[in-house]
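Shown next, in structure tokens, is the structure this report addresses.
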Amino acid sequence: MITLLYDGTFEGLLTCIYDGFYYKTTISGIYNKKLNDIPLLLENIIDVNTDLIKFSKVKSSIINKINKLCLKKIYIAYLSNYTNKEILIFNYLKTAFKIGSNIHSFLHIDEVRLIDQINKRVNDEIHRFRGFIRFNYIDNIFLYASIEPDNDILEFLGDYFKNRFSNEYWIINDISRKKAIMYNKTQYEIIDFTLEDSNKLSSYKDEYQKLWKTYFKSTTIEERKNLRLQTRMMPKRYWKHIFETK
């Protein structure tokens, strides 16, 4: 058995999958070498360099021999916080290449069912953040919001908020991953964002925030408060980034 290491990128992961299909021994695991969760007692470790040609071949094979939905599902699984997602994607693709485009119906297969469950969790979180994000107006120049999602969903917020705030400059900052999506009234891109910048902007208070909190308080009917329902609809781990709960 061998273990593969990659650089944490989707291109690197598909390069590992390309190589893994050609090894004549079992792939016991695939790990992101930039993280600290690699088991210590591993043997036969191979550090795989990202190869864009191999990446393109695997990507094209997935689209042509299975379908685009399969590619979308493994990409969303890659962005998830699921433990051992890399080896799950590897095993899922081995099965998918055998079955073909009907793979999505074979929910009795563990890998197929699990990939679907992960996709649902990630898509649910994307939907929640589209509704939960609250912006500060920084110095009347740009909008800023901080988030800490379980999964790496930042890129899925771009089009939604571009359509909602097309005439504003805005930044959505994923604090835990130290990056942000920035929009300049024309296009958006994902950039690195330091913890120092995050702390500085997160602590900013503006008049709109005060007005919103006042409005929220004035429309609240104390006798109808249902904290259990509120927690179920909006988990507490999101509360520190929402004005109403501060």
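The values are calculated or read from the model by the stated rules, or taken from the named source; none is laboratory data. Treat the numbers as computed from the prediction; the structure is a model and nothing was measured. Here Cβ is always computed from backbone atoms with ideal geometry, including for glycine, and neighbour counts include all displayed protein chains. Remember, those area values only see protein heavy atoms, side chains included, never the ligands or the DNA or RNA. Shrake-Rupley method; radii C 1.70, N 1.55, O 1.52, S 1.80 Å.
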Find the residue count for the range 80-90, including only residues that are open to solvent by 10 Å² or more (accessible area, probe 1.4 Å) and of a type outside the set (D, E, K, R).
6
Within the range 62-79, the residues that are closer than 17 Å to residue 98 by Cα, surrounded by fewer than 14 Cβ atoms within 10 Å (Cβ to Cβ) and without any contact (Cβ under 8 Å) to a residue 24 or more places away in the chain are 63, 64, 68
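Yes/no per residue for (1) outside the structural domain of residue 19 (by the TED database); (2) closer than 30 Å to residue 167 by Cβ; (3) hydrophobic (A, V, I, L, M, F, W, C); (4) in contact with an Asp or Glu (Cβ under 6 Å, 6 or more places away or on another chain):
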site	(1), (2), (3), (4)
90	no, no, yes, no
100	no, no, no, no
117	no, no, no, no
139	yes, yes, no, no
144	yes, yes, no, no
Looking at the range 91-103 only, could you name the residues that are surrounded by fewer than 21 Cβ atoms within 10 Å (Cβ to Cβ) and in contact (Cβ under 8 Å) with a residue 40 or more places away in the chain?
94
Can you tell me how many residues within the range 167-182 are open to solvent by 10 Å² or more (accessible area, probe 1.4 Å) and in contact (Cβ under 8 Å) with a residue 24 or more places away in the chain?
7
Taking residue 106 as meeting all but one of (1) surrounded by fewer than 13 Cβ atoms within 10 Å (Cβ to Cβ); (2) free of Cβ contacts under 8 Å to residues at least 12 places away in the same chain, write down the number of the exception.
(1)
Determine which member of the set 12, 20, 29 is part of a helix (DSSP H, G or I), open to solvent by less than 50 Å² (accessible area, probe 1.4 Å), modelled with pLDDT of 90 or more and over 23 Å from residue 155 (Cα atoms).
20
Being at negative phi, within 15 Å of the chain's Cα centre (by Cα) and open to solvent by 10 Å² or more (accessible area, probe 1.4 Å) narrows it down to one residue among 113, 128, 164, 134; which is it?
128
Is there a residue in the range 41-51 that is farther than 18 Å from residue 19 by Cα, out of contact with any strand residue (DSSP E or B) (no Cβ under 9 Å at 6 or more places or on another chain) and open to solvent by 90 Å² or more (accessible area, probe 1.4 Å)?
yes
